[in-house]
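The values are calculated or read from the model by the stated rules, or taken from the named source; none is laboratory data. Please read these numbers as outputs of a predicted model, since none were measured by experiment. Here Cβ is always computed from backbone atoms with ideal geometry, including for glycine, and neighbour counts include all displayed protein chains. To get the accessible areas, we keep the full protein, side chains included, count just its heavy atoms, and leave off ligands, DNA and RNA. Shrake-Rupley method; radii C 1.70, N 1.55, O 1.52, S 1.80 Å.
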Amino acid sequence: MLGHAGFTGRDSWRYLHRGVGGLGLAQTGPPVRVAACLRPSGWWLSVAEHEIGVEAVAGTPSHGVGVLWWLGTDTAQDDAALDKAVLDRALALLYANGAREIVLYAEGEPLPAQSLFDTAGFVDVDHLASYARG
């Protein structure tokens with residue numbers, strides 16, 4: 001319907017979910033720096049020895065639900081070990097602070113880190129499509 005009215009659609013966000021089952025997070029890998037952040041309340045994570053690399057923002061769990069607001073990979077680097085180290089540390093931090101399940105908001109289509117999220121036990125819940133006139 002919107003297409004007929006002159007709008008163009010695209011997948012903007014994907015919503016993923018992971019329960020506590022099958023945790024099995026790696027305990028080794030590059031050191032990940034964790035710093036408190038206020039907005040959202042939670043933590044900012046990054047690979048400590050790299051100027052450009054991988055970063056994530058994890059929100060303080062509420063009512064057993066943790067949110068991984070963002071996991072960003074620099075397109076100039078392609079290091080699956082760095083990606084996995086930051087994701088594993090974020091998940092471990094969320095579970096250690098009371099999360100029993102985790103929601104992840106991921107931008108874009110196709111999702112560059114989809115295989116990483118699949119391997120970590122995330123499943124797609126929904127997609128948000130945005131539309132713009134033109």
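Just name the residue that is modelled with the highest pLDDT out of those in segment 13-45 that are of a type in the set (Lys, Arg) and either more than 18 Å from Gln114 (Cα to Cα) or part of a loop (DSSP other than H, G, I, E, B) (or both).
As a first pass, look at segment 13-45 and keep what is of a type in the set (Lys, Arg): 14, 18, 33, 39.
In the following step, the residues that additionally are either more than 18 Å from Gln114 (Cα to Cα) or part of a loop (DSSP other than H, G, I, E, B) (or both) were identified as 33, 39.
Numbers: Arg33: 88, Arg39: 85.
Among them, the one singled out is Arg33.
Need pairs with beta-carbon distance below 7 Å; first residue farther than 20 Å from Asp124 by Cβ and open to solvent by 60 Å² or more (accessible area, probe 1.4 Å) and within segment 5-32, second modelled with pLDDT under 75 and in a loop (DSSP other than H, G, I, E, B); sequence gap 6+ or separate chains.
Thr8/Gly134; Pro31/Ala48; Pro31/Glu49
Scan segment 48-62 and give yes if some residue there is closer than 30 Å to Phe7 by Cβ and modelled with pLDDT under 90, otherwise no. Show your work before the answer.
Here is the first cut: in segment 48-62, the residues closer than 30 Å to Phe7 by Cβ are none.
There is no residue in segment 48-62 that is closer than 30 Å to Phe7 by Cβ and modelled with pLDDT under 90.
Considering only residues that are more than 12 Å from the chain's Cα centre (by Cα) and at pLDDT 90 or above, look in segment 95-120 and name the one that is most open to solvent (accessible area, probe 1.4 Å).
Checking each candidate, the answer is Arg100.
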